[in-house]
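To start, the structure itself, in structure tokens.
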Amino acid sequence: MTTTAMAGGTTAGLVGAALAVLLLPWLWAALAHLVWRPRAVARAFARQGVRGPPYRFLVGNNDEVKAMRAAAGGETLARGSHDIVPRVLPHCRAWAARYGRVFLSWAGARPTLCVGSYDMARRVLADKAGLFVKPDPGPSILALLGMGLVFAEGEDWARHRRVVHPAFAMDKLKMMTGAVAACAGEVIRAWQARAAAAGGEATVEVGQQFTELTADVISHTAFGSSYRRGKEVFLAQRELQHIALAAITSARRVPGMEYAPTKANVRRWQLERKVRDTLMAIIGERLDAAGEARGYGTDLLGLMLEANAGGGGGKAVMSMEEIIDECKTFFFAGHDTTAHLLTWGMFLLGTHPEWQPRLREEVLRECGGADTPLHGDALNKLKLVTMVLYETLRLYGAVSMIGRVAAADADLCGVKVPRGTVLTIPIAMLHRDEEVWGADAGEFNPGRFRDGVGRAAAHPGALLAFSSGPRSCIGQDFAMLEAKATLALVLRRFAFEVAPEYVHAPTDFLTLQPLQGLPVVLKLLDP
């Protein structure tokens with residue numbers, strides 16, 4: 001062998017040894033993350049009586065979840081059935097039946113504890129110490145909702161809430177009743193004209209109508225005179241919602257792919273930039289108006305900007321980017337969830353028509369006839385309408401499951417949970433727990449809320465549609481006010497029933513909605 005060959009072999013050996021030194025720690029860490037830790041975590045939970053489907057290398061139980069969701073997606077429900085769990089959470093139903101309400105599964109190599117116990121769920125949601133935090137939403141969800149109140153943590157969350165809270169005070173919301181009624185009135189008049197032209201009866205797909213209505217309402221109440229540009233935000237966010245859902249439900253998630261210049265990501269960046277530029281222009285106009293002593297405005301944005309300017313000793317509490325994120329949050333959450341509350345409320349009243357005369361009598365008594373303007377104080381007296389809306393939220397709440405992450409090792413009602421464990425709270429299952437809601441938990445029974453939401457079940461605070469604890473939805477009063485106003489206007493003009501062609505297939509599209517919309521037969525009432 002020549003000296004040159006020997007030297008070459010020595011060099012190659014040194015390079016190989018160097019690479020081995022560099023790769024061994026990485027391989028060791030990978031094995032620990034993908035093999036040893038999952039086994040150790042599964043054994044630790046098993047010793048506490050918590051079991052679940054076995055961990056599969058790298059993918060966890062993702063393939064099983066995808067297969068069960070695909071199988072469930074091909075099935076429809078009987079119109080009188082409100083058991084949506086097999087459609088929206090089929091894996092939770094299957095594994096809870098096999099392993100119990102509290103079970104362990106795997107999202108890739110990450111342990112996921114299903115918190116199917118009300119005591120445990122309330123403990124997680126009541127946390128004020130930062131022990132159970134929101135999971136990282138990822139860039140697709142952040143593009144849609146922003147890092148606002150929904151995802152902020154710790155001092156950032158407290159600072160944001162101080163600024164946003166004044167805009168959602170009840171006295172401020174009552175002042176917006178007129179704007180809500182005006183937007184809803186336009187829709188009702190269009191339905192009236194359509195029904196009158198067809199001899200007093202017309203079939204309308206109300207799901208899309210309510211989506212457009214609530215976008216119009218939030219555009220007016222959030223952005224006032226700038227509502228037309230607010231509607232541009234709505235259209236961009238609808239497309240971002242499709243992109244986010246595709247990212248969440250993809251079969252294989254390659255780390256870092258959310259940042260690669262794929263076609264979907266490039267489109268997401270374009271839409272995100274459009275939303276940001278639109279909101280910046282609206283906010284900039286308000287700041288200029290305030291600088292000229294014309295005020296910030298009395299809509300949600302104006303109230304938030306006023307609180308932001310006056311809450312920090314003359315210094316703004318939130319940055320421009322943070323304000324934009326809050327606008328994204330209340331714009332999407334403010335129209336999407338309310339639209340589906342109205343849609344499912346119409347479905348339940350359309351399939352249980354015996355409730356319509358009772359609600360109509362209450363609306364006419366408290367709010368007056370069809371030509372009487374609505375007022376916030378009158379809407380607050382609609383007890384039966386409120387009961388129906390609460391029952392709608394129980395059976396068809398916008399969010400079927402919420403998640404948290406253990407920020408440190410924790411003891412959760414006697415179960416030791418290691419740091420990094422994802423905690424999922426299956427709201428749709430908990431809302432059908434017969435031990436808590438009674439033997440009729442699967443049935444439509446608004447009467448369970450006759451003594452208020454706190455006494456409707458064996459557990460106080462069992463209704464989790466707006467979450468619970470310090471992180472409960474700040475916009476719940478706004479959503480309820482808008483839903484009550486819209487239903488009141490509908491009930492004063494129409495009797496209705498769900499159309500024969502309706503297919504009962506509730507689907508989780510980030511929020512719960514009918515797969516093929518909700519066609520409703522509207523019948524004009526005698527004037």
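Count the DSSP beta bridges whose two residues both fall in the chain, then state the antiparallel fraction as a percent rounded to the nearest 5.
Numbers: 30 of 34 bridges.
In the chain, DSSP labels about 90 percent of beta bridges as antiparallel.
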- [ ] Take the cross-link list LYS172/LYS484; LYS381/LYS484; LYS66/LYS134 and give me the ones stretching past 21 Å between alpha-carbons.
- [x] LYS66/LYS134
TODO: Run the quick spin-label model on ASP526 and VAL503: label points 7 Å from Cα toward the beta carbon, then report their separation in nm to one decimal.
DONE: 4.0
Task: For segment 257-403: rounded, prolate or oblate by the Cα gyration tensor [a/c cutoff 1.5] - done: oblate
- [ ] Give the angle, between 0 and 90 degrees and rounded to the nearest 10, that separates the Cα long axis of helix 383-396 from the longest principal axis of the Cα atoms of the chain.
- [x] 30
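Of all accessible surface on the chain at a 1.4 Å probe, what whole percent is carbon and sulfur?
Values: 13610 of 23700 Å².
Carbon and sulfur together cover 57 percent of it.
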Open item on the list: Through the Karplus equation 6.51 cos²θ - 1.76 cosθ + 1.60, θ set to phi - 60°, convert the phi angles of segment 52-69 into ³J(HN,Hα) values in whole Hz; use x for Gly and Pro.
Closed with: x, x, x, 5, 10, 3, 6, 8, x, 10, 4, 5, 5, 4, 4, 5, 5, 5
Task: Relative contact order of the chain, pairs being alpha-carbon contacts under 8 Å that are 6 or more residues apart, as % - done: 23
- [ ] Just tell me which aspartates and glutamates come within less than 16 Å, Cα to Cα, of LYS174; anything on the same chain fewer than 8 places away is out.
- [x] ASP299, GLU366, ASP377, ASP477, GLU482
Task: In degrees, nearest ten, helix 320-351 long axis to first principal axis of the chain (Cα) - done: 60
Task: Shape category assigned to the chain from the gyration tensor of Cα positions, a/c cut at 1.5 - done: prolate
TODO: Give me the angle, in degrees from 0 to 90, between the Cα long axis of helix 300-310 and the longest principal axis of the Cα atoms of the chain, rounded to the nearest 10.
DONE: 60
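Calculate for the chain the 222 nm mean residue ellipticity that helices alone would give, adding -39,500 (n - 2.57) per DSSP H run of length 4 or more and normalising by residue count, nearest 500 deg cm²/dmol. Please report the intermediate quantities before stating the final value.
Numbers: 21 runs with 289 residues, N = 527.
My calculation for the chain gives -17500 deg cm²/dmol from helical runs alone.
Ordering ARG394, ARG448 by how much accessible area each has at a 1.4 Å probe, largest first, what is the list? Working shown, then result.
Numbers: ARG394 5, ARG448 25 Å².
My answer, sorted largest first, is ARG448, ARG394.
If we sort 36-42, 203-209 on the protection proxy, mean other Cβ atoms within 10 Å, highest first, what's the order? Walk me through the numbers on the way to the answer.
Details: 36-42: 15.7, 203-209: 19.6.
Highest-to-lowest ranking by the protection proxy: 203-209, 36-42.
What FRET efficiency, computed as 1/(1 + (r/R0)^6) with R0 = 56 Å and r the Cβ-Cβ distance, is obtained for ARG47 and ARG358, rounded to the nearest 0.05? Provide the component values of the computation, followed by the final result.
Numbers: r = 54 Å, r/R0 = 0.96.
Working from the Cβ atoms, E equals 0.55.
Can you give the accessible area per residue of segment 164-243, in Å², using a 1.4 Å probe?
On the way: 3260 Å² over 80 residues.
Normalised by residue count, the accessible surface of segment 164-243 is 41 Å².
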Open item on the list: Under a crude label model (7 Å from the Cα following the beta-carbon direction), how far is ALA281 from MET175 in nanometres?
Closed with: 2.7
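If you roll a 1.4 Å probe over the heavy atoms of the protein chains, what accessible area per residue do you get for segment 289-422, in Å²?
On a per-residue basis, segment 289-422 sits at 37 Å².
If R₀ is 22 angstrom, what is the calculated FRET efficiency for the pair ARG79 and THR372, using the beta carbon separation as r and rounding to 0.05? Mind showing how you got there, number by number?
Values: r = 34 Å, r/R0 = 1.56.
For ARG79 and THR372, the calculated efficiency is 0.05.
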Task: Distance from segment 272-314 to segment 482-527 (C-alpha centre basis), Å - done: 36
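The values are calculated or read from the model by the stated rules, or taken from the named source; none is laboratory data. Keep in mind that what you see is a predicted model, and the values were worked out from it rather than measured. Please note: Cβ atoms are built from the backbone with ideal geometry, for glycine as well, and neighbour counts cover all protein chains shown. Heads up: the accessible areas ignore ligands, DNA and RNA and are worked out on the full protein's heavy atoms, side chains in. Shrake-Rupley method; radii C 1.70, N 1.55, O 1.52, S 1.80 Å.
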